[in-house]
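Structure first, then comments.
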């Protein structure tokens, strides 16, 4: 049994480190987005792009640091279903916005 | 503790397999929940300017309060992670302690959010006022009820850990709760960004 403990400890420390890194990065990204909007020193378009990028970076950070820990033998399936769902989300959101924008436009003209 | 490790070792193959299938099944649920939230975000984006002469998002956003809510949820991400780590060390007290801390932090979020909702409703800005407010309350409300569901689930797990202690079965349950919690908090990051930050730009 004794040879299992160092392995378990290493795994444990890795998990701990991942949680702390994910937490610190999330705080930094959140506060950065907050101050960008608070200060309003960029142009409107640049602000939109900056906060969107910061949110997407935080999504990636949290998926890797928090979700990545729990993946076992189904890792490939987890990733595949996640990517497929993101595809559906993009179709639903961009499709809705596109259709409704055109509908508004055509009703006004 | 040693015997527990040995017992787990004996059934390791079997438990690991069925446990990971449960977690994968739960993951599929989370993905369908993600699509639910995507439709609510899409509805919000379409309706956000239809204020019917009433208040818009910029007038009802209290950025410091929203930042506080975000930081509160981020801290709870860490504390539920510590509960997960305590389970790995087979520390029953540790799991219960960190789940309790997570519960209290989640409760703080639910309280702050409720205060925000009731302030809006008190001055007549309820969900019947405009299409914007309907979409706003639907998106925020569905997220809010997810957090409440997470709180109830946390209480149930605290009771189960207190009576059963740590085991591979409980580890699977805690893993699912952890995934749910992180998922709900990622949704909040997008509410924070898309609804609030982009609302006041």
Answer yes or no: is there a residue in region B:175-195 that is assigned to a loop (DSSP other than H, G, I, E, B) and either buried (at least 22 other Cβ atoms within 10 Å of the Cβ) or in contact with a helix residue (DSSP H, G or I) (Cβ under 9 Å, 6 or more places away or on another chain) (or both).
no
Would you call residue B:145 away from chain A (no Cβ under 12 Å), out of contact with any helix residue (DSSP H, G or I) (no Cβ under 8 Å at 6 or more places or on another chain), under 16 Å from residue B:36 (Cα atoms) and part of a helix (DSSP H, G or I)?
yes
For residue B:121, all conditions in the list (1) more than 26 Å from residue B:39 (Cα to Cα); (2) out of contact with any helix residue (DSSP H, G or I) (no Cβ under 8 Å at 6 or more places or on another chain) hold save one; what is the number of the exception?
(1)
Residues of region B:122-139 that turn out to be surrounded by 14 or more Cβ atoms within 10 Å (Cβ to Cβ) and in a helix (DSSP H, G or I), as a count:
9
Looking at (1) more than 22 Å from residue A:48 (Cβ to Cβ); (2) touching a helix residue (DSSP H, G or I) at 6+ places or on another chain (Cβ under 9 Å), which is the one condition that is false for residue B:163?
(2)
In the list B:74, B:157, which residue meets the criterion of being over 22 Å from residue B:22 (Cβ atoms) and touching a helix residue (DSSP H, G or I) at 6+ places or on another chain (Cβ under 8 Å)?
B:74
For the subset of region A:6-22 comprising residues that are facing chain B (nearest Cβ under 10 Å) and either in contact (Cβ under 8 Å) with a residue 24 or more places away in the chain or in a loop (DSSP other than H, G, I, E, B) (or both), which member is nearest to residue B:91 (Cα to Cα)?
A:15
Suppose we filter region B:184-195 for residues that are more than 8 Å from every other protein chain (Cβ to nearest Cβ) and either closer than 19 Å to residue B:76 by Cβ or touching a strand residue (DSSP E or B) at 6+ places or on another chain (Cβ under 8 Å) (or both); how many remain?
4
I'd like to check something: does region A:39-51 contain any residue that is surrounded by fewer than 17 Cβ atoms within 10 Å (Cβ to Cβ), closer than 18 Å to residue B:188 by Cα and at the interface with chain B (Cβ under 9 Å from one of its Cβ atoms)?
yes
If we scan region B:65-88, do we find a residue that is surrounded by fewer than 20 Cβ atoms within 10 Å (Cβ to Cβ), free of Cβ contacts under 8 Å to residues at least 60 places away in the same chain, within 14 Å of another protein chain (Cβ to nearest Cβ) and not in a helix (DSSP H, G or I)?
no
Exactly one of B:52, B:29 is more than 8 Å from chain A (Cβ to nearest Cβ) and without any contact (Cβ under 8 Å) to a residue 12 or more places away in the chain, and that one is B:29
Only residues that are touching a residue at least 12 places away in the same chain (Cβ under 8 Å), facing chain A (nearest Cβ under 7 Å) and surrounded by fewer than 19 Cβ atoms within 10 Å (Cβ to Cβ): list them for region B:32-44, please.
B:34
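Bear in mind these aren't lab numbers, they're just calculated from the coordinates by the rules spelled out. This is a predicted model, so every value here is computed, not measured. So basically every Cβ, Gly included, is an ideal-geometry build from the backbone, and we count neighbours across all protein chains shown.
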